[in-house]
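Just below is one structure, and these are the notes that go with it.
The values are calculated or read from the model by the stated rules, or taken from the named source; none is laboratory data. Predicted, not measured: the structure shown is a model, and the values here were computed from it. Ideal geometry is used to build each Cβ from the backbone, glycine not excepted, and the neighbour counts take in all protein chains shown. Accessible surface areas use protein heavy atoms only, side chains included; no ligands, DNA or RNA. Shrake-Rupley method; radii C 1.70, N 1.55, O 1.52, S 1.80 Å.
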Amino acid sequence: MPAVPPEPTESSAFAFGSAIYDVDVSDPRGELIDRAGMSEDDIRQISGLMRALGGLRDAEQKLSEASLRYMKLNQTDMRALHFLIACENGGVVATPGAIATHLGISTASTTKLLDRLERGEHITRSPHPSDRRALAIAITPETRKSAVETVGRQHARRFTAAARLSNADREIVTRFLTDMTTEIALDDESWAISAEE
């Protein structure tokens, strides 16, 4: 049986970030979660799982913040560079339009982003090999090496953790994460749409 992360003691409940994801801390009066039909053991185990997810989220946030400081870039810049590395790895020519679509930003914002990255010597612009109307955007070898050897190497450890699972466990974890993603996806939530406007 997989180990469940220990429950925080009363004195340490908020000594670490993941404690805030505990079911009894997040929803002590049952306003959000229907616990009908759940045993105390079920609730304790689910709380352990929520704390583990919270711990992962906290670790990813710290890694993201450290990478932004190290690379001296903002989050959108880093997402653009990650996209460029993925394009390069896949043998795909990255264009400003593809970058804009990936990041969900306007053409004008993409131009500013590329200008900033080019000034910092993180990218190069060149004529597209097959489309005269487009430019090819590539990450510079120096920036690629820096990103891969630091942030990329750290992120790759997630693969190592997944590799330690059995085939059956990976199927279960994949189903769980896919199901959780579906549950929390912002489809047509009016409060989320109005907040974006």
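Mind listing whichever residues of the stretch 164-188 are exposed (fewer than 10 other Cβ atoms within 10 Å of the Cβ), over 19 Å from the mean Cα position of the chain (by Cα) and not in a loop (DSSP other than H, G, I, E, B)?
Selection gives 167, 168.
Restricting to the stretch 109-155, name every residue that is among the hydrophobic types (A, V, I, L, M, F, W, C), at pLDDT below 95 and under 25 Å from the mean Cα position of the chain (by Cα).
Within the stretch 109-155, 147, 148, 151 meet the criteria.
Are any residues in the stretch 116-129 part of a helix (DSSP H, G or I) and open to solvent by less than 60 Å² (accessible area, probe 1.4 Å), and if so, which ones?
117
Are any of the residues in the stretch 130-140 touching a residue at least 60 places away in the same chain (Cβ under 8 Å) and open to solvent by less than 100 Å² (accessible area, probe 1.4 Å)?
no
Looking at (1) more than 28 Å from residue 130 (Cβ to Cβ); (2) charged (D, E, K, R); (3) open to solvent by less than 30 Å² (accessible area, probe 1.4 Å), which is the only condition residue 77 fails?
(1)
For every residue, the table says whether it meets (1) open to solvent by less than 50 Å² (accessible area, probe 1.4 Å); (2) at pLDDT below 95; (3) in a loop (DSSP other than H, G, I, E, B).
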{"site": "60", "(1), (2), (3)": "no, yes, no"}
{"site": "63", "(1), (2), (3)": "yes, yes, no"}
{"site": "68", "(1), (2), (3)": "yes, yes, no"}
{"site": "100", "(1), (2), (3)": "yes, no, no"}
